[in-house]
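As structure tokens, the structure follows; a few thoughts come after it.
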Amino acid sequence: MAPQGSQAELEFGGPLGAAALLLLLPATMFHLLLVARSGPARLLGPPPYLPELEELWRPWALLLCLTWLGLQAALYLLPARKVAEGQELKDKSRLRYPINGNPIYDFFLGRELNPRICSFDFKYFCELRPGLIGWALHLTSVETDWEQTALSHPLCNPQVLINLALLMQEAELRGSPSLAMWLVNGFQLLYVGDALWHEEAVLTTMDIIHDGFGFMLAFGDLAWVPFTYSLQAQFLLYHPEPLGLPLASVICLINAVGYYIFRGANSQKNTFRKNPSDPRVADLETISTATGRRLLVSGWWGMVRHPNYLGDLIMALAWSLPCGVSHLLPYFYLLYFTALLVHREARDEQQCLQKYGLAWHAYCQRVPYRIVPYIY
Ligand SMILES: NC(=O)C1=CN([C@@H]2O[C@H](COP(=O)(O)OP(=O)(O)OC[C@H]3O[C@@H](n4cnc5c(N)ncnc54)[C@H](OP(=O)(O)O)[C@@H]3O)[C@@H](O)[C@H]2O)C=CC1
Ligand SMILES: CC(C)CCC[C@@H](C)[C@H]1CC=C2C3=C(CC[C@@]21C)[C@@]1(C)CC[C@H](O)C(C)(C)[C@@H]1CC3
């Protein structure tokens, strides 16, 4: 069970915040999908078209989603895979478990920390596989009168719209995928591939250790990630952006810098946590904490307290730039992600303060900036 006793501090604005997010998140997702396909593509304007309820229902779409989940579940259950030891969970400590929690808050954040049936871990499964892979490599069934149908019924055309499908659709529509589409696909494929390659690192994220498996992660993993994270590719399909080689090279460089920081910081911490005497991290300066675990104060983690977030944000910028600067919509991911990471950093800070107390204060003094050096 997630540690949500009556004494526990409520996050996400408590029940009110959770209730608001329950409504806002699906509404935002639909809004983004609708406006991405309209000519003006105004992030802040009203949606150009509201589909009828019956237009949103296609039995084959449900079947396709269930098949996708089923396929991922089958692959996840394959016996030929490495079994990794997880991190010590937050619920190892003695906690009180109230019988009546707040239903809305609990529904949003989830009461069960790691729901499992036998070895099938629902949260771990959802975090990486169906949504993340679905974002990068979704299936498509191409329709002959595609353009007309898609534009007049934005959410209801029989294509499942995610990156690779969008690239293929652009090729069909315009003869070949645009350079901008190649860049967005390439960058995001790299990101997804990296997450799958370093799959074990997910075990150290706060989603696995701290958050319950509720609406936030279930909706986040299965709907928000594939549909909202592919917004740039969706936008490009309807709003082609000519991109010259010089600008494309600059954008590639920005993505490479972001990835270098993101991967460098994550690998340095993971290596250090696994084996502090590993030669790759053994020379880094650290401070001791009362728990026996040490904190890095040089290398990436001596630059800012969340260098991995900085790299992630730089990549987010590189994913939006190929869409040009005529619309705000392709920058939605960057804006949302900045808010998510600022909030996440504050939550992590709180948890580290509880874990490490004075040592954390010492770390904050030594490394005063949170995400962006000399700015934040
Ligand atoms: N694309 C997306 O939508 C999202 C991507 N992400 C990415 O996921 C990745 C993981 O992020 P997240 O789970 O938030 O947390 P982090 O990987 O940043 O891990 C935070 C933990 O690292 C440890 N730590 C902090 N400072 C130090 C230090 N100086 N030395 C050693 N250990 C330290 C602490 O745990 P302990 O001491 O217990 O080890 C802390 O709780 C990031 O790269 C982030 O950008 C995250 C959210 C969404
Ligand atoms: C719907 C809400 C507004 C927000 C929900 C948040 C979730 C979408 C994200 C919370 C943490 C995530 C992580 C990744 C994807 C997004 C969610 C689920 C991650 C799997 C992306 C790939 C990275 O390499 C990672 C480090 C493995 C990420 C882990 C955290």
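The values are calculated or read from the model by the stated rules, or taken from the named source; none is laboratory data. Quick caveat: nothing in here was measured; it's all calculated off a predicted structure. Neighbour counts run over all protein chains shown; Cβ positions are idealised from the backbone, glycine included. With ligands, DNA and RNA removed, areas are computed over all heavy atoms of the protein, side chains included. Shrake-Rupley method; radii C 1.70, N 1.55, O 1.52, S 1.80 Å.
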Inset, instruction - Would you check if there is a residue in the range 274-294 being farther than 30 Å from Ala41 by Cα, within 9 Å of ligand 1 (Cβ to nearest atom), part of a helix (DSSP H, G or I) and not small (Gly, Ala, Ser)? - result: no
Inset, instruction - Considering each residue of the range 29-43, count those that are under 17 Å from the mean Cα position of the chain (by Cα) and either at pLDDT below 90 or farther than 18 Å from Gly214 by Cβ (or both), and give that number. - result: 1
Legend entry - Residues of the range 221-234 classified as crowded, with 21+ Cβ neighbours inside 10 Å, of a type in the set (Phe, Trp, Tyr) and at pLDDT 90 or above, total: 1
Inset, instruction - Hey, could you check the range 121-144 for residues that are open to solvent by 30 Å² or more (accessible area, probe 1.4 Å) and at pLDDT 80 or above and say which is nearest to Leu89 (Cα to Cα)? - result: Tyr124
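Under 28 Å from the mean Cα position of the chain (by Cα) and buried (at least 17 other Cβ atoms within 10 Å of the Cβ): which single residue out of Leu284, Leu296 fits that description?
Values: Leu284 fails: under 28 Å from the mean Cα position of the chain (by Cα).
Sole residue among the options that is under 28 Å from the mean Cα position of the chain (by Cα) and buried (at least 17 other Cβ atoms within 10 Å of the Cβ): Leu296.
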Inset, instruction - Considering only the range 299-330, state which residues are open to solvent by less than 30 Å² (accessible area, probe 1.4 Å) and away from ligand 1 (no atom under 11 Å from the Cβ). - result: Ala318, Ser320, Pro322, Cys323, Gly324, Leu329, Pro330
Legend entry - Selection within the range 244-260 - closer than 11 Å to Ala316 by Cα and open to solvent by 50 Å² or more (accessible area, probe 1.4 Å): Tyr259
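Return the residues of the range 222-243 that are assigned to a helix (DSSP H, G or I) and within 10 Å of ligand 1 (Cβ to nearest atom); say none if nothing qualifies.
Those that are assigned to a helix (DSSP H, G or I) and within 10 Å of ligand 1 (Cβ to nearest atom): Trp224, Val225, Thr228.
Here are some residues: Leu231, Leu245, Leu217. Which one is more than 24 Å from Leu328 (Cβ to Cβ), aliphatic (A, V, I, L, M) and within 16 Å of ligand 2 (Cβ to nearest atom)?
Leu217 is the lone residue from the list that is more than 24 Å from Leu328 (Cβ to Cβ), aliphatic (A, V, I, L, M) and within 16 Å of ligand 2 (Cβ to nearest atom).
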Inset, instruction - Considering each residue of the range 253-273, count those that are more than 10 Å from ligand 1 (Cβ to nearest atom) and either of a type in the set (A, V, I, L, M) or modelled with pLDDT under 90 (or both), and give that number. - result: 4
